[in-house]
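Take a look at the structure below.
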Amino acid sequence: MQTQITVEIFCGLPCYMLGNSRILNIGAHLPETWLPHISLLASPCNPACKCADLTHAPYARVNGKMIANATVESVCEEIRRIVKEKEGILI
């Protein structure tokens, strides 16, 4: 069984400037064997906030779960949680 993890990085100006530019290189922080199972998408803006509430920017979404105040570490942690939940199916 193949598991696909979708990582959506919001790249509207506020999110990009507040740190999502670093998250776009998330592959460098994950095991190489996981990379074929990760779909990284750069989206122009987060439709949920419409840039109205920047107090929790930057935002990212992993398999549909929204992550506020996103960092490389918090996005990696969510990916690891999914892998662990799937009992290491990507390893």
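Only the coordinates and a few stated rules stand behind these numbers; no lab work does. Because the structure is predicted, anything quoted here is derived from the model rather than measured. Cβ: placed from backbone, ideal geometry, glycine included. Neighbour counts: every protein chain shown.
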Through the Karplus equation 6.51 cos²θ - 1.76 cosθ + 1.60, θ set to phi - 60°, convert the phi angles of the range 16-25 into ³J(HN,Hα) values in whole Hz; use x for Gly and Pro. 4, 5, 8, x, 5, 4, 6, 5, 4, 9
Listed by chain and number, the residues whose amide H is under 5 Å from that of LEU40, excluding neighbours fewer than 5 places away on the same chain and using placed H, are VAL7
Residues whose modelled amide H sits under 5 Å from the amide H of TYR59, counting only those 5 or more places away in sequence or on another chain, are PHE10, ALA70
What FRET efficiency comes out for GLU85 versus ARG22 if R0 is 30 angstrom and r is the Cβ-Cβ distance? Round to the nearest 0.05. 0.75
For labels at ALA68 and THR33 in the simple 7 Å Cα→Cβ model, what's the distance in nm? 3.7 nm
